[in-house]
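Each reported figure results from applying straightforward, stated rules to the coordinates on display, with no laboratory input. Every value quoted in this text rests on a predicted model; they were computed, and no experiment measured them.
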Amino acid sequence: MADNDVRRSFYDKHGFEVHDERTVEFVEQEVDDIVLVRDL
C-alpha cells in the first residue's frame, strides 16, 4: 500500500521504482496502492 513508509523505504533502498499507481478495494475500503518494479 502506498502509505506504508517502512516497506516503501526498503524497496527504494533496493532500487525499485514506481511502475503504476492505483486505488484498490481492501476490506471494503478504497486504498491507494502502488506497483514497484526493478530490472534484474
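The table below lists the values:
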{"item": "For the chain, calculated [θ]222 nm from helices alone, where every DSSP H run of n ≥ 4 adds -39500 (n - 2.57)", "result": "-6500 deg cm²/dmol"}
{"item": "Structure-derived P(r) over Cα pairs in 10 Å bins from 0, in percent: which label, when the choices are (i) 26, 26, 20, 15, 9, 3, 0; (ii) 28, 30, 21, 15, 6; (iii) 30, 49, 19, 2", "result": "(iii)"}
{"item": "Karplus (6.51, -1.76, 1.60) ³J(HN,Hα), θ = phi - 60°, over the range 21-30, in Hz, Gly and Pro reported as x", "result": "10, 7, 10, 10, 8, 9, 6, 6, 10, 8"}
{"item": "Relative contact order of the chain, pairs being alpha-carbon contacts under 8 Å that are 6 or more residues apart, as %", "result": "42"}
